[in-house]
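Presented below is the structure to which this report refers.
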Amino acid sequence: MIKRRQKSKEESEYDERVLTIRRVSKKTTGGNYVTFSALVAVGDGKGNVGVGLGRGREVPPAINKGITQAKRRMVHLPIFNDTIPHEIRIKYKSSRLLLKPAPPGSGLKLGGVVRSIMDIAGIQNASGKIIGSRNQITNAYAVIEAIKQLKPRIVKGKTISAEKPQEVSEVKADVVEKPEVIEKPKEVKEPKKEIKKEVKKVTKPTKKVAKKKPTKEKSA
């Protein structure tokens, strides 16, 4: 008996969202050649998200191609307190993007495709601005480039990059504890007193003058 392959649980966990659908017509000798392009975002709500662009003669095949392409190009977004870890500014082709973290309860203050991609990735609070381009495809790829450049936030030796914080592996080897060395109290040196030297006055010895003896007068 041939057993049918059952769909894996991983496929059902992903949230799929169609961002935009475009109708593309091309002039040919026999008439117009019409195709459809679908921009699709796929995410699991835990930091993994991807964007894909599919093309087809009809809309459903174009969406399926976009979903398969998005699953192959998944990137990981480090989440910190339901928001992005730090501020980032990026320029991708003609679009410029600014993303900032936001406090809890503020929601997603974003517009266009950026809001949808952040929501699928699992970000609940964030703010940002799209500057320059209004092309949704370019802006979507700019968000993916910004997610690639985000770095996980480290708080007191722990890396917080997803829902649960993971402790950072210690780089240092086992350190042997050294015995405590009791330092002797340092002797306080008293300031030296200035010793005044007594200078003795040296007096020169006086010469003794011999007294003249009285001369006796000679009698005549």
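Coordinate-derived values only; no laboratory data. Keep in mind the model is a prediction, meaning the values are calculated, not measured. No Cβ is skipped: glycine too gets one built from the backbone with ideal geometry, and neighbour counts run over all protein chains shown.
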In whole angstrom, note down how far apart the Cα centers of region 19-67 and region 69-120 are. 22
Sorted peptide list for 56-64, 22-30, criterion being average Cβ within 10 angstrom, highest first: 56-64, 22-30
Could you grab the relative contact order for region 12-164? Cα pairs under 8 Å, six or more apart, rounded to a whole percent. 22
